[in-house]
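S.K.: Let me begin by handing over the structure; questions about it come next.
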Amino acid sequence: MSGITILGTGSYSPEFRLTNAMLESAVDTSDEWITLRTGIKERRIAAADETTLDMASSAAGKALRGIDISQIAVIVAATLTPDYLTPSLACLLQRELGLPERIIAIDVNSACTGFVVALKTAHSLLADAPGKLALVVGCEMLSRVTDYGDRSTCVLFGDGAGAAVIRREPDGVFAFDSGARGGTEYLSCRAGYLGNSPFVVRTADKDCDGIHMNGGEVFRFAVETASASVARVLGLAEVALGSVKRFIFHQANRRIIDAIARRMGIAEEKCFVNIERYGNTSSATCAIALDELLRSGAASRGDGLIMSAFGGGLTYASLYFEINGDLNYD
Ligand code: ACO
């Protein structure tokens, strides 16, 4: 097996804080309901002139601080809310950050599972570029696709970005597990297209009308699949659950994280949680959490870390790796 070194991380959250109190005045909800059912107190919402690229490049710029950018050979950007269908967010980042041209620059759309899948994708692609680096980004502008008239979803989502720069190492552990149960019935967000061909009249295609979700079904899916996926990844890594130092679960709902931890017997203090401040930022949650965890100094060299996410697709993915290298955030 081959491991990874994380050389840098960064994150970005828009300034505007949409609090539960503000939502109380917009839809039939309450701070008490949102806090009890989700753990969320506020989420960040991008400004009208802010783009997904703005957020992603801000997070990526921090992750790249002090790094020789000529060594970047791979950019993988996870997002379901890119500014353009083409160019990809990864290509826009290549230009914005002045990264090399001889590069693989691709987007991954795996919804909330995106950053975990992007890390795996980057790790695999680096097999062909020994010693080189990958920039991995999770960035989402969910406020663009949230229906603020739907109380069952609008209280959940926020905007934000996180990034990491990684190198594949010949030694070490990097175990991965993933799955998909495709379908639109429990969680979907339709793409918006013109649909104005004068030659073919389409009645089935509609414009994007926001995220639709059956929260209860996604909740059950998340707890069941994340627990099983983490167990499989531990098996692949040949690591005992008790020896894992830190867990980063997708920040969708505090109760989901608690339920997974209870079911698996994971001590609460090992689970990183910041959902109260950001809500669910889909592919950005694990990236922001990784940045905050490493910056806080709460994880150190040699610590085993599990990152596990679930969401649209439906999809799930889990990773186990060891913190390798010394990060300097001064
Ligand atoms: N405020 C007040 N009441 C509400 C609200 C609200 N914001 N939203 C729903 N309710 C009501 C419902 O109408 C329902 O009322 P009823 O009993 O009179 O019918 C009641 O609260 C309970 O609703 P449930 O949907 O059963 O509430 P639940 O405890 O399941 O919580 C939630 C809902 C928070 C959405 C939860 O199911 C959840 O977190 N699911 C998982 C979401 C997730 O993980 N998504 C990840 C992927 S997102 C992506 O990929 C982009």
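S.K.: Stick to Cα atoms and the Kirkwood definition of Rh, then tell me Rg/Rh for the range 122-227.
M.R.: 1.08
S.K.: Rounded to the nearest 0.05, what FRET efficiency is calculated for residue 148 and residue 171 with R0 set to 41 Å and r the Cβ-Cβ distance?
M.R.: Efficiency computed from Cβ-Cβ geometry: 0.25.
S.K.: Once all Cα-Cα distances of the range 247-286 are split into 10 Å bins that start at 0, what whole-number percent is in each one?
M.R.: Reading the bins upward from 0: 33, 55, 12.
S.K.: Which ³J(HN,Hα) values, rounded to whole Hz and listed in residue order, are derived for the range 110-115 from phi using the Karplus coefficients 6.51, -1.76 and 1.60 in 6.51 cos²θ - 1.76 cosθ + 1.60 with θ = phi - 60°, glycine and proline given as x?
M.R.: Taking θ as phi minus 60°, the curve returns 10, 6, 5, 7, x, 5 Hz for the range 110-115.
S.K.: Contour minus end-to-end for residue 83 and residue 207, with contour as 0.36 nm per residue of separation and end-to-end as the Cα-Cα distance? Numbers along the way, then the final one.
M.R.: Numbers: separation 124, 0.36 × 124 = 44.64 nm, distance 1.61 nm.
Once the chain is fully extended between residue 83 and residue 207, it gains 43.0 nm.
S.K.: To continue, here is another question. Specify the residue with the greatest mean-square fluctuation among 267, 164, 60, computed from a Gaussian network of the chain linking alpha-carbon atoms under 10 Å apart.
M.R.: Of the options given, 267 has the highest mean-square fluctuation.
S.K.: With point charges of +1 on the Cβ of Lys and Arg and -1 on the Cβ of Asp and Glu, referenced to the Cα centre of the range 185-304, which listed residue (194, 299, 231) lies farthest in the positive direction of the dipole?
M.R.: Of the listed residues, the answer is 299.
S.K.: Could you work out how far the C-alpha centroid of the range 159-191 sits from that of the range 41-84, in angstrom?
M.R.: Distance between centres, Cα-based: 16 Å.
S.K.: Taking amide H atoms as placed 1.01 Å from N in the peptide plane, list the residues 5 or more away in sequence, or in a different chain, whose amide H sits under 5 Å from that of residue 190.
M.R.: Counting only residues 5 or more places away or on other chains, the set is 209, 210.
S.K.: Give me the net charge of residue 19's neighbourhood, meaning all other residues with Cβ under 12 Å from the Cβ of residue 19; Lys, Arg count +1, Asp, Glu -1.
M.R.: Details: positive: 17, 41, 43, 44, 277; negative: 24, 31, 42, 276.
Charge balance near residue 19 sits at +1.
S.K.: Please list 3J(HN,Hα) in residue order for the range 232-242, calculated via the Karplus relation 6.51 cos²θ - 1.76 cosθ + 1.60 where θ = phi - 60°; whole Hz, with x for glycine and proline.
M.R.: 5, 5, 5, x, 4, 7, 6, 10, 7, 3, x
S.K.: What list of ³J(HN,Hα) values in whole Hz, one per residue of the range 42-50 in order, does the Karplus curve 6.51 cos²θ - 1.76 cosθ + 1.60 (θ = phi - 60°) give from phi, with Gly and Pro shown as x?
M.R.: 7, 9, 9, 10, 5, 5, 4, 9, 8
S.K.: At 7 Å along the Cα-to-beta-carbon direction for both residue 298 and residue 27, put a label point, then send me their distance in nm to one decimal.
M.R.: 2.8
S.K.: Here is a further query. Once amide H atoms are placed 1.01 Å from N in the peptide plane, what residues at a sequence separation of 5 or more from residue 303, or on another chain, have their amide H within under 5 Å of its amide H?
M.R.: Sorted by chain and number, the residues that satisfy this are 323.
S.K.: Right, next: What residue among 111, 309, 46 shows peak mean-square fluctuation when the chain is described by a Gaussian network model with Cα springs under 10 Å?
M.R.: 46
S.K.: Arrange the following residues from fewest to most other Cβ atoms within 10 Å of their Cβ: 55, 264, 1. Kindly include the intermediate steps, with their values, before the conclusion.
M.R.: Values: 55 29, 264 17, 1 13.
By the 10 Å Cβ count, ascending: 1, 264, 55.
S.K.: Report, by chain and number, residues whose modeled amide H sits under 5 Å from the one on residue 147, excluding near sequence neighbours (fewer than 5 apart, same chain).
M.R.: Excluding prolines and chain starts, which carry no amide H, the hits are 211.
S.K.: Could you tell me what % of all Cα pairs in the range 4-126 have separations over 18 Å?
M.R.: Numbers: 4559 of 7503 pairs.
Within the range 4-126, distances greater than 18 Å cover 61 percent of Cα pairs.
S.K.: While we're here: When DSSP beta bridges are limited to those with both residues in the chain, what percentage is antiparallel, rounded to the nearest 5? It would help to have the intermediate numbers written out before the result.
M.R.: Numbers: 40 of 58 bridges.
If I count the DSSP bridges inside the chain, around 70 percent turn out antiparallel.
S.K.: Note the per residue figure in Å³ for the convex hull of the C-alpha positions in the range 1-69.
M.R.: Values: hull volume 10.7 nm³, N = 69.
Each residue corresponds to 155 Å³ of Cα convex hull volume.
S.K.: Using the basic label-point model (7 angstrom from Cα toward the beta carbon), what is the residue 193 to residue 35 distance in nanometres?
M.R.: Result for the modelled spin labels: 4.6 nm.
S.K.: Can you bin the range 78-132 into rounded, prolate or oblate? Criterion: square roots of the alpha carbon gyration tensor eigenvalues sorted a ≥ b ≥ c, rounded for a/c under 1.5, prolate for a/b above b/c, oblate for the rest. Each step should come with its number before you reach the end.
M.R.: Values: a/c = 2.64, a/b = 1.13, b/c = 2.34.
Judged from the Cα gyration tensor, the range 78-132 comes out oblate (a/c at least 1.5, b/c at or above a/b).
S.K.: Next up: To the nearest 20 debye, what charge dipole does the range 76-135 have about its Cα centre, counting +1 at the Cβ of each Lys and Arg and -1 at the Cβ of each Asp and Glu? Could you put the intermediate results ahead of the total?
M.R.: Details: 4 positive and 5 negative charges, 32 e Å.
Here the range 76-135 has a charge dipole of around 160 debye.
Every number here is computed from the coordinates shown, using simple stated rules; none is lab data. Since the model is a prediction, treat every value here as computed from it, not as a measurement. Every residue, glycine as well, gets a Cβ built from its backbone with ideal geometry; the counts of neighbours run over all protein chains shown.
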